[in-house]
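For reference, the structure is listed below as structure tokens.
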Amino acid sequence: MNGGEAATAPIAVPEFFEDLMDISPDGSNALLRADLPGTPNDAIWVAPTLGGSPRRIGAGEGESFSPDGASVIYQNVDGEIVLARVDGSGTRTLARTGSKDPIRLTPNPLAGDFRWSPDGKIIRFDRGGALWEMAADGSGLHRLLPEWKESGAQCCGIWTPDGQFYLFEVASSVTHSELWALD
């Protein structure tokens with residue numbers, strides 16, 4: 001917190017609201033997930049934080065805002081990594097990771113925890129217990145640490161604000177959880 005008084009900011013949420021997933025960098029929008037009964041994935045909504053109607057922008061998992069707050073990235077049920085503008089326009093596929101199996105999550109597990117580098121040029125995410133990376137335009141998709149030898153699943157990465165480090169968790173039944181940093 002940077003000081004000041006806390007105030008209530010009522011946000012209009014869609015029916016079947018489930019989770020608050022992200023807040024845009026300028027604080028003007030909230031990224032919400034709503035359960036859609038009878039469907040294998042969740043609806044993704046952008047809701048203005050200071051009032052106004054929420055807008056549905058797609059359906060999928062792993063959603064987060066771009067560094068400029070103008071777009072949202074997520075994986076849809078077909079295994080496509082999708083970028084959509086917050087107003088719902090300009091939806092396009094950046095990359096394909098394969099379809100997901102909602103029951104076993106194999107052989108093509110979900111991609112999630114999408115994080116842009118602070119300069120907006122690189123997107124990293126986790127999928128199948130490994131970290132992945134691609135350019136912001138979707139090109140160059142590859143495993144970030146292909147020679148990784150430690151046991152455990154890599155996940156939940158985040159960049160430091162200056163972009164000097166990428167922090168991530170490695171979780172295993174042996175070591176529990178460890179925090180790692182890439183410079």
Requested in this report: Would you mind putting 156-167, 123-134 in packing order, based on average other-beta-carbon counts within 10 Å, highest first?
Outcome: 123-134, 156-167
Query raised in the report: Say R0 is 35 Å: what FRET efficiency, to the nearest 0.05, do Ser139 and Ala6 get from their beta-carbon distance?
Result: 0.25
Report summary line: For Leu145, the residues 5 or more places away or on another chain with a placed amide H closer than 5 Å to its own amide H are Leu131
Query raised in the report: Karplus couplings for segment 141-152 from phi (6.51 cos²θ - 1.76 cosθ + 1.60, θ = phi - 60°), rounded to Hz, Gly and Pro as x?
Result: 4, 7, 5, 5, 10, x, 9, 4, 10, 5, 7, x
Query raised in the report: Given a 1.4 Å probe, how much area per residue of segment 111-183 is accessible, in Å²?
Result: 55 Å²
Query raised in the report: What is the spin-label model distance, in nm, from Leu20 to Arg56 if the labels are put 7 Å beyond Cα along the C-beta direction?
Result: 2.3 nm
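The values are calculated or read from the model by the stated rules, or taken from the named source; none is laboratory data. Treat the numbers as computed from the prediction; the structure is a model and nothing was measured. Please note: Cβ atoms are built from the backbone with ideal geometry, for glycine as well, and neighbour counts cover all protein chains shown. Accessible surface areas use protein heavy atoms only, side chains included; no ligands, DNA or RNA. Shrake-Rupley method; radii C 1.70, N 1.55, O 1.52, S 1.80 Å.
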